[in-house]
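K.L.:
Would you mind keeping the following structure in view while I ask a few things?
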Amino acid sequence: MAINTKLVATLLLLLLPLLALFQTCHGETPGIAVYWGQDGREGTLTQACTSGLYSYVIIAFIFEYGGYQPPSVNLAGHCTPSLDNCKFIGPEITTCQNLGVKVLISIGGPFGGIQFLTDPDDAIYLADYIYNNFLGGSAPDRLFGDAVLDGVDFYIERQSSYLADLARHLHEYSTPEQKVYLSAAPQCPFPDLNIGTALNTGLFDYVWIQFYNNPSCQYSSNSQNLIASWITWTWYINARYIFVGLPGSPEAPVSGYATPAQICYEILPYIRRSLHYGGVMIWSRYWDKISSDIIKCVKRSNLIKSVADY
């Protein structure tokens, strides 16, 4: 039976004050996640982490994968993986982790030619490759040397089968000593047609929803559609923490930019009432770097305990 998401969102919106009464502190302070790797002008990974702004940095992208072939990585403007000149990023990853910043590698993105798993065994192949080349496994020539990333992000913008299988196999590599974190960046229309099945596994630690380039659920003249969509997502998706994903500057998205005032006075006072509120995801480090006002108000709002404090 189809879900009437608009009706559900409306009913849940009425319940927000009640839900707020049951909010409890969870294990992590709300933080800021940012994508890094798609613009050489954004500075180094070390600079992003030592800025003190971010709790999570997602390296983008493993932009081609599938068909039992070694996946391809694109780090526009930073290095050229095919020339094996990305090893310098390894110590930068370690620097970030020593500062308490989790660093993940993202698969997908809008630019790859091949992004399709052919069968369940292809998902196993990709999971094994990612584990051995980016996580705690071993491979003869790892892109970032000995650096061990904290997990894998799914930034899927095309329909692909067997992503749930991929998530399960990556999750199986978690150990008590070295957890493999899983994150995802679905589009805000619910359910996400590309990654919805994978999200239903309940294995994802962080879900940063893209509330931009989607007129039906992004910020427009007010926050109503965004908040209604947020409530639907947090009601139906079983994830450890859910983040509101926003563009870092007016030039970053096709549509959906919200000003710092709109974010901090219209959006965050309501969505942060959710039991699973994890913080804010910003696309991307470059756009955030040239327009830092959003970061300032988000970091302030993450320290505020109630709407009355605004």
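To keep it simple, each residue is scored yes or no on (1) under 11 Å from V244 (Cα atoms); (2) surrounded by 22 or more Cβ atoms within 10 Å (Cβ to Cβ); (3) hydroxyl-bearing (S, T, Y).
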{"position": "A258", "(1), (2), (3)": "no, yes, no"}
{"position": "R272", "(1), (2), (3)": "yes, no, no"}
{"position": "S284", "(1), (2), (3)": "no, no, yes"}
{"position": "D288", "(1), (2), (3)": "no, yes, no"}
{"position": "I294", "(1), (2), (3)": "no, yes, no"}
{"position": "S301", "(1), (2), (3)": "no, no, yes"}
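K.L.:
Further question: So which residues in segment 128-162 are of a type in the set (G, A, S), more than 18 Å from the chain's Cα centre (by Cα) and under 14 Å from V103 (Cβ atoms)?
P.N.:
The answer is G136, G145, A147.
K.L.:
Within the group Y219, Y181, which residue is hydroxyl-bearing (S, T, Y) and under 29 Å from S161 (Cα atoms)?
P.N.:
The conditions single out Y181.
Yes/no per residue for (1) farther than 30 Å from L117 by Cα; (2) modelled with pLDDT under 95:
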| site | (1), (2) |
| --- | --- |
| L18 | yes, yes |
| Q47 | yes, no |
| F63 | no, no |
| Y68 | no, no |
| P71 | no, no |
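K.L.:
Can you tell me how many residues in segment 205-221 are farther than 13 Å from Y257 by Cβ and hydroxyl-bearing (S, T, Y)?
P.N.:
2
K.L.:
Based on this model, can you work out whether D165 counts as in contact (Cβ under 8 Å) with a residue 24 or more places away in the chain, over 20 Å from the mean Cα position of the chain (by Cα) and surrounded by fewer than 22 Cβ atoms within 10 Å (Cβ to Cβ)?
P.N.:
Working: in contact (Cβ under 8 Å) with a residue 24 or more places away in the chain: yes; over 20 Å from the mean Cα position of the chain (by Cα): no; surrounded by fewer than 22 Cβ atoms within 10 Å (Cβ to Cβ): yes.
No: the conditions fail for D165.
K.L.:
Go through segment 87-104 residue by residue and tally those that are over 15 Å from D146 (Cβ atoms) and under 18 Å from the mean Cα position of the chain (by Cα).
P.N.:
The qualifying residues number 4.
K.L.:
Which one is surrounded by the fewest Cβ atoms within 10 Å (Cβ to Cβ) among residues in segment 193-244 that are polar (S, T, N, Q) and within 23 Å of S174 (Cβ to Cβ)?
P.N.:
Checked segment 193-244; the qualifying residue surrounded by the fewest Cβ atoms within 10 Å (Cβ to Cβ) is N238.
The values are calculated or read from the model by the stated rules, or taken from the named source; none is laboratory data. Note that the structure is predicted; figures quoted are calculated from it, not measured. With ideal geometry, Cβ positions are generated from the backbone for all residues, glycine too; neighbour counts draw on all protein chains shown.
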